[in-house]
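None of the figures in this text is laboratory data; all of them are computed from the coordinates on show. Computed from a predicted model, the values in this text were never measured in an experiment. No Cβ is skipped: glycine too gets one built from the backbone with ideal geometry, and neighbour counts run over all protein chains shown.
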Amino acid sequence: MQWSAANGKAAFVFGSQGTSSRVLVGLAPGTETLTANVAHFVGPPPQFNFEVYAHADPVPVHFMFICDTNGVHAGSASDIPSLIADVNYIYRQAGIRFAQASVAYTNNQKWYQKSYDLQTQSDIVDFQTGTQGLEIYIVPLISTVSLGRSFRDRGILLVNTTSSHVLAHEIGHQCGWRDVYTSRTNAPSVSGPVSRDRLPMDWNNGPGPQEYYLRGLPHTTLIRRLLMFGAAAGGTDIPAGSVYGLDKQGTFGLVTVGVQSMDRTPAHNQ
């Protein structure tokens, strides 16, 4: 087997032949196609699309703990480094990183006691502005069913500092992505296998699903693997483009969940 990249946007560190793993290093920003030339292979050689991202500084992340009068609060500042490390591991798929910028505390009692109230939540995320990054507020309660909530272009609420999946999902909303579902109340459920029309940016050159996916793979299985699957048990995959499914309103269509449509500089803009 011999691997080649056509337009010079990447290079192999340890050669391009053989069956062992190869390290591909980006040389210039842009999209590229990797071709596998396999001896005695019948048909056109397999091809794989990839993208090299331009270097960018990490997005700064500001944390604020909402405390009671004794300084008691949910979560712990000591969790933050590992929390961000786990989020960065997920977002490596999108070529974007995050870094802790500040940690602050407030004992605003209304915020602590009524953090479940939507208007109070709106007041909390409006506390800081102009931070040039993401703002994460740790509160004792959001609702009886929510571990996190995102206010687009304003901030994120979390009830702990250990749920890296929840934070990564809410950051996805700050980047402009939407929840995608396999079923919603009063709407038909998603059915059938994956197909080119259902993930047009991620079909990856091949005539059939065998390139990335098992033949007949249920599309619901793929949706559940996505970071933006709208349930707590979702996965961590970030696709290149939009993926077919149900949006929060129960409407079928291609839902914005992928790199091609993301805001790469999320910040408090109001």
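For the pair V145 and Q47, a Förster radius of 35 Å applied to the C-beta separation gives a FRET efficiency near 0.20, rounded to the nearest 0.05. Taking label positions 7 Å along the Cα-Cβ direction at both S4 and D197, the computed distance is 3.6 nm, reported to one decimal. For S82 and Q119, the difference between the fully extended length at 0.36 nm per residue and the C-alpha to C-alpha distance is 10.2 nm. Projecting the Cα positions of Q2, P44, I238 onto the charge dipole of the chain (unit charges on Cβ atoms of Lys, Arg, Asp and Glu, taken about the Cα centre) puts P44 furthest along the positive direction.
In a Gaussian network model over the chain where Cα atoms closer than 10 Å are linked, find which of T69, T129, T236 has the largest mean-square fluctuation. In the Gaussian network model the winner is T69. Annotation: peptides 136-142, 220-226, ranked by per-residue average of other Cβ atoms within 10 Å with the highest first, follow the order 136-142, 220-226. Charges only on Cβ, +1 for Lys and Arg, -1 for Asp and Glu: so what's the dipole of the chain about the Cα centre, in debye to the nearest 20? It works out to roughly 480 debye. Here each label is just a point 7 Å from Cα along the line to Cβ, and for S102 and A187 those points are 3.9 nm apart.
Which of (1) 19.7; (2) 20.6; (3) 18.9 is the computed Kirkwood radius over Cα pairs in Å for the structure on display? Only one option fits the structure, namely (2). Subtracting the Cα-Cα distance of T35 and H55 from 0.36 nm times their residue separation leaves 4.7 nm of extension gain. Express in whole angstrom the spacing between the alpha-carbon centres of the range 136-208 and the range 242-266. If we compute the Cα centre of each part, the gap is 9 Å. Only helices enter this figure: runs of n ≥ 4 DSSP H residues, each worth -39500 (n - 2.57), summed and divided by the residues of the chain, yield -4500 deg cm²/dmol at 222 nm to the nearest 500. The modelled label-to-label distance between R152 and V23, using points 7 Å beyond Cα along the C-beta direction, is 4.1 nm. Between the range 81-115 and the range 23-37, the alpha-carbon centres lie 33 Å apart. To the nearest 10 degrees, how steeply does helix 80-91 sit against the main Cα axis of the chain, on a 0 to 90 scale? Approximately 30 degrees, to the nearest ten. Each residue of the range 54-167 gets 100 Å³ once the volume of the Cα convex hull is shared out per residue.
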